[in-house]
Amino acid sequence: MAPQPAEKAAKRPRPARTTGTDKTGRRGARVAPPQPEPALASVSPPPPGEGKRGESGYLGYLLRQAQAASRLTLERALGELGVTVPQFVALTMLKAYPGLSGAELARVALLTPQTVGVIIGNLERDGAIMKTPDPVHGRRLQWTLTPRGLTLLEQCRKRAMVLERRLVESLTPKDERVIRQWLARIAVSLQQDS
């Protein structure tokens with residue numbers, strides 16, 4: 001039985017293309033078909049706490065990894081209240097430092113002014129914060145928590161404290177103090193560089 005044309009094509013080697021130019025610049029030169037790249041070996045990263053994601057990893061990466069894990073945990077806890085982590089940070093800073101302007105809030109909350117603008121708008125719309133003109137600089141707006149904002153912040157803090165307890169549960173009081181001092185020194189030292 002004679003092979004079908006499709007079978008013949010499948011058995012024949014693919015001819016070189018005659019498009020493009022060769023190394024000498026001749027047009028219409030034969031160009032070999034592209035060869036498939038060799039398969040890369042698949043390497044699975046270790047779980048957090050092992051390999052470069054553990055004690056042998058870079059400190060900057062380990063700080064980022066720990067921050068990402070704690071933020072995700074907090075996001076999930078606050079999400080049940082309909083509050084984002086940046087909103088919680090803004091409420092916390094306004095409780096600690098009432099009367100901040102939007103720009104000051106952005107600095108202490110470690111957020112961009114644009115992000116704080118959106119947060120302020122949403123919190124004000126929800127009745128959690130209110131603005132008042134600065135008594136000295138009338139054009140400057142000060143933000144403070146409303147009674148609703150204080151209640152919301154208290155609900156958020158209860159959830160955040162669960163995470164805080166988890167963060168220190170394996171530390172001695174001395175270890176916790178050393179870590180707090182170290183983290184604060186890093187922020188001061190690196191801020192001076194910028």
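Taking the options 100, 153, 111, name whichever one is in contact (Cβ under 8 Å) with a residue 40 or more places away in the chain, among the hydrophobic types (A, V, I, L, M, F, W, C), surrounded by 12 or more Cβ atoms within 10 Å (Cβ to Cβ) and closer than 22 Å to residue 73 by Cα. Unique residue meeting the criteria: 153.
Residue-wise test of (1) over 23 Å from residue 72 (Cβ atoms); (2) of a type outside the set (Lys, Arg); (3) open to solvent by less than 80 Å² (accessible area, probe 1.4 Å); (4) assigned to a strand (DSSP E or B).
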| position | (1), (2), (3), (4) |
| --- | --- |
| 123 | no, yes, yes, no |
| 130 | yes, yes, no, yes |
| 135 | yes, yes, no, no |
| 160 | no, yes, yes, no |
| 166 | no, no, no, no |
| 171 | no, yes, yes, no |
| 186 | no, yes, yes, no |
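Look at residue 78 and say whether it is more than 18 Å from residue 164 (Cα to Cα), touching a residue at least 24 places away in the same chain (Cβ under 8 Å) and crowded, with 17+ Cβ neighbours inside 10 Å.
Working: more than 18 Å from residue 164 (Cα to Cα): no; touching a residue at least 24 places away in the same chain (Cβ under 8 Å): yes; crowded, with 17+ Cβ neighbours inside 10 Å: yes.
It is false that residue 78 is more than 18 Å from residue 164 (Cα to Cα), touching a residue at least 24 places away in the same chain (Cβ under 8 Å) and crowded, with 17+ Cβ neighbours inside 10 Å.
Beta carbons closer than 8 Å, at least 6 apart along the sequence or on distinct chains, pair a first residue in the stretch 58-71 that is among the small types (Gly, Ala, Ser) with a second that is at pLDDT 95 or above for 70/163; 70/167.
Can residue 106 be described as out of contact with any strand residue (DSSP E or B) (no Cβ under 7 Å at 6 or more places or on another chain), open to solvent by less than 70 Å² (accessible area, probe 1.4 Å) and without any contact (Cβ under 8 Å) to a residue 24 or more places away in the chain?
On the way: out of contact with any strand residue (DSSP E or B) (no Cβ under 7 Å at 6 or more places or on another chain): yes; open to solvent by less than 70 Å² (accessible area, probe 1.4 Å): yes; without any contact (Cβ under 8 Å) to a residue 24 or more places away in the chain: yes.
Criteria met by residue 106.
The values are calculated or read from the model by the stated rules, or taken from the named source; none is laboratory data. Worth saying up front: this structure is predicted, and the values here are computed from it rather than measured. Neighbour counts run over all protein chains shown; Cβ positions are idealised from the backbone, glycine included. The accessibility values were calculated without ligands, DNA or RNA, using every heavy atom of the protein model including side chains. Shrake-Rupley method; radii C 1.70, N 1.55, O 1.52, S 1.80 Å.
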